[in-house]
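Peer 1: Have a look at this one before I ask anything.
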Amino acid sequence: MAANNRRMSGKKGAQVGSGGQRRKGLEGKGPTPPAEMRKGHKKNRIATAQAKQAQRRPVPRGRGGRSSSELVVGRNPVVEALREGVPASTLYVQQFIDNDERVREALQLAAERGGINLMEAPRPELDRMTNGLNHQGLVLQVPPYEYAHPEDLASAAYDDGEDPLIVALDGVTDPRNLGAVVRSVSAFGGHGVVVPERRAAGMTAGAWKTSAGTAARTPVARATNLTRALEAYKKQGIVVVGLAADGEHEIGELAALGGPLVIVVGSEGKGLSRLVGETCDFRVRIPMPGGAESLNAGVAAGVVLYEAARRRA
């Protein structure tokens with residue numbers, strides 16, 4: 001009878017345990033995503049609209065032109081690009097993505113930098129954007145790089161009351177070499193880098209990363225025809241010096257390194273092209289007692305830039 005009364009009462013007796021499921025539910029799913037990532041939030045709608053407008057907007061072209069936008073794909077590459085300060089316009093995050101440390105860091109870095117749209121997209125859309133690459137749910141859009149005009153580099157130097165110190169790259173196709181040259185130019189007080197418009201490395205995310213942030217303050221100019229750009233520099237009284245393994249002068253012997261100067265660096269394999277080599281006022285070599293046949297573009301440019309900076313000091 002007593003047992004029957006307990007069943008009839010509203011009180012609950014002992015029940016089977018939850019097995020820890022309630023405790024797991026209370027643990028949460030990590031930090032709350034930014035407002036831009038929360039579907040239905042006002043900021044999410046604004047970010048989506050801005051991204052669509054940016055995709056439809058025509059790209060203006062400056063005197064030096066602009067590159068096309070670029071996508072950095074994959075969790076590690078995206079996080080590294082954000083750490084290194086690579087310019088970015090939009091971070092695309094896959095819907096229902098596993099929220100691991102790299103995803104959280106990417107969201108945090110993008111939010112801290114500001115000016116980066118956060119977009120949530122289904123996996124098929126990211127697959128389409130990346131042409132089927134293994135994006136791992138993270139895609140970073142790098143905006144087009146705004147190139148300077150070769151004339152701008154010399155003009156900026158003269159405006160500051162300084163002799164121009166410029167590096168031109170002939171046939172260098174590795175963006176990491178371009179980034180290394182930009183870094184050396186910045187370190188030794190140079191005024192910029194000139195690259196050809198075709199068959200040459202451009203300011204990609206890889207170049208930005210290798211420059212270690214110096215690309216933000218060291219302009220890169222793009223020349224439609226490198227030979228004509230060098231001839232224009234010569235008409236302004238700037239000496240054009242080409243690096244060549246069989247050059248007639250050693251860098252330590254050439255007095256012209258102390259004045260207005262353009263240093264031309266060729267590719268590691270082929271060196272200077274014929275027309276560019278003939279345009280140079282001097283061809284100089286770097287003595288290498290160790291017997292190496294050549295140096296990569298970044299190292300070679302750094303050696304000559306150091307000598308030029310030493311002469312100017």
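The values are calculated or read from the model by the stated rules, or taken from the named source; none is laboratory data. Keep in mind that this is a model prediction, so the values were computed, not measured. Don't worry about glycine lacking a Cβ; one is built from the backbone with ideal geometry, like all the others, and counts go over all protein chains shown. Ligands, DNA and RNA are excluded from the accessible area calculation, which covers all protein heavy atoms including side chains. Shrake-Rupley method; radii C 1.70, N 1.55, O 1.52, S 1.80 Å.
Residues checked against (1) open to solvent by 10 Å² or more (accessible area, probe 1.4 Å); (2) among the basic types (Lys, Arg):
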position	(1), (2)
Val185	no, no
Gly202	yes, no
Thr210	yes, no
Arg228	yes, yes
Tyr233	no, no
Gln236	yes, no
Val240	no, no
Ala244	yes, no
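Peer 1: All but one of (1) in contact with a Leu (Cβ under 8 Å, 6 or more places away or on another chain); (2) farther than 24 Å from Asp174 by Cβ hold for Gly258, so report the exception by its number.
Peer 2: Among (1) in contact with a Leu (Cβ under 8 Å, 6 or more places away or on another chain); (2) farther than 24 Å from Asp174 by Cβ, Gly258 violates only (1).
Peer 1: Which one is farthest from Pro144 (Cα to Cα), of the residues in the stretch 90-104 that are within 19 Å of the chain's Cα centre (by Cα) and not β-branched (Val, Ile, Thr)?
Peer 2: Here the residue is Tyr92.
Peer 1: Need pairs with beta-carbon distance below 8 Å; first residue assigned to a loop (DSSP other than H, G, I, E, B) and within the stretch 139-154, second at pLDDT below 90 and charged (D, E, K, R); sequence gap 6+ or separate chains.
Peer 2: Pro144/Arg66; Tyr145/Arg66; Tyr147/Arg66; His149/Arg63
Peer 1: Here is a further query. With respect to Arg222, determine if the residue is under 30 Å from Glu146 (Cβ atoms), modelled with pLDDT of 90 or more and surrounded by fewer than 22 Cβ atoms within 10 Å (Cβ to Cβ).
Peer 2: It is false that Arg222 is under 30 Å from Glu146 (Cβ atoms), modelled with pLDDT of 90 or more and surrounded by fewer than 22 Cβ atoms within 10 Å (Cβ to Cβ).
Peer 1: In the stretch 252-273, what residues are part of a helix (DSSP H, G or I), open to solvent by 60 Å² or more (accessible area, probe 1.4 Å) and not charged (D, E, K, R)?
Peer 2: Ala255, the sole residue that qualifies.
Peer 1: Looking at the structure I just gave you, is Ala154 under 29 Å from Ser186 (Cα atoms), open to solvent by less than 10 Å² (accessible area, probe 1.4 Å) and modelled with pLDDT of 95 or more?
Peer 2: Considered against the rule, which asks whether it is under 29 Å from Ser186 (Cα atoms), open to solvent by less than 10 Å² (accessible area, probe 1.4 Å) and modelled with pLDDT of 95 or more, Ala154 comes out as yes.
Peer 1: Something else now. Run down Thr130, Thr204 and say which single residue is of a type in the set (S, T, N, Q) and either under 16 Å from Leu230 (Cβ atoms) or within 15 Å of the chain's Cα centre (by Cα) (or both).
Peer 2: Of Thr130, Thr204, the one residue that is of a type in the set (S, T, N, Q) and either under 16 Å from Leu230 (Cβ atoms) or within 15 Å of the chain's Cα centre (by Cα) (or both) is Thr204.
Peer 1: If you don't mind, another one. Which condition number in (1) within 31 Å of the chain's Cα centre (by Cα); (2) closer than 18 Å to Ile166 by Cα is the one that Phe282 fails?
Peer 2: (1) is the only condition that Phe282 fails.
Peer 1: Evaluate the following for Met119: is it touching a residue at least 40 places away in the same chain (Cβ under 8 Å) and touching a Ser or Thr at 6+ places or on another chain (Cβ under 7 Å)?
Peer 2: So Met119 fits the description; yes.
Peer 1: Can you name the residue in the stretch 274-293 that is open to solvent by 50 Å² or more (accessible area, probe 1.4 Å) and assigned to a loop (DSSP other than H, G, I, E, B) and, of all such residues, is nearest to Val194 (Cα to Cα)?
Peer 2: Asp281
Peer 1: Sort out which residues of the stretch 155-173 are part of a strand (DSSP E or B) and either β-branched (Val, Ile, Thr) or under 30 Å from Gln94 (Cβ atoms) (or both), and write them in order of number.
Peer 2: Answer for the stretch 155-173, where residues must be part of a strand (DSSP E or B) and either β-branched (Val, Ile, Thr) or under 30 Å from Gln94 (Cβ atoms) (or both): Ile166, Val167.
Peer 1: If we keep just the residues of the stretch 93-117 that are outside any helix (DSSP H, G or I) and aliphatic (A, V, I, L, M), which is most open to solvent (accessible area, probe 1.4 Å)?
Peer 2: Step by step, filter the stretch 93-117, then rank; the result is Ile97.
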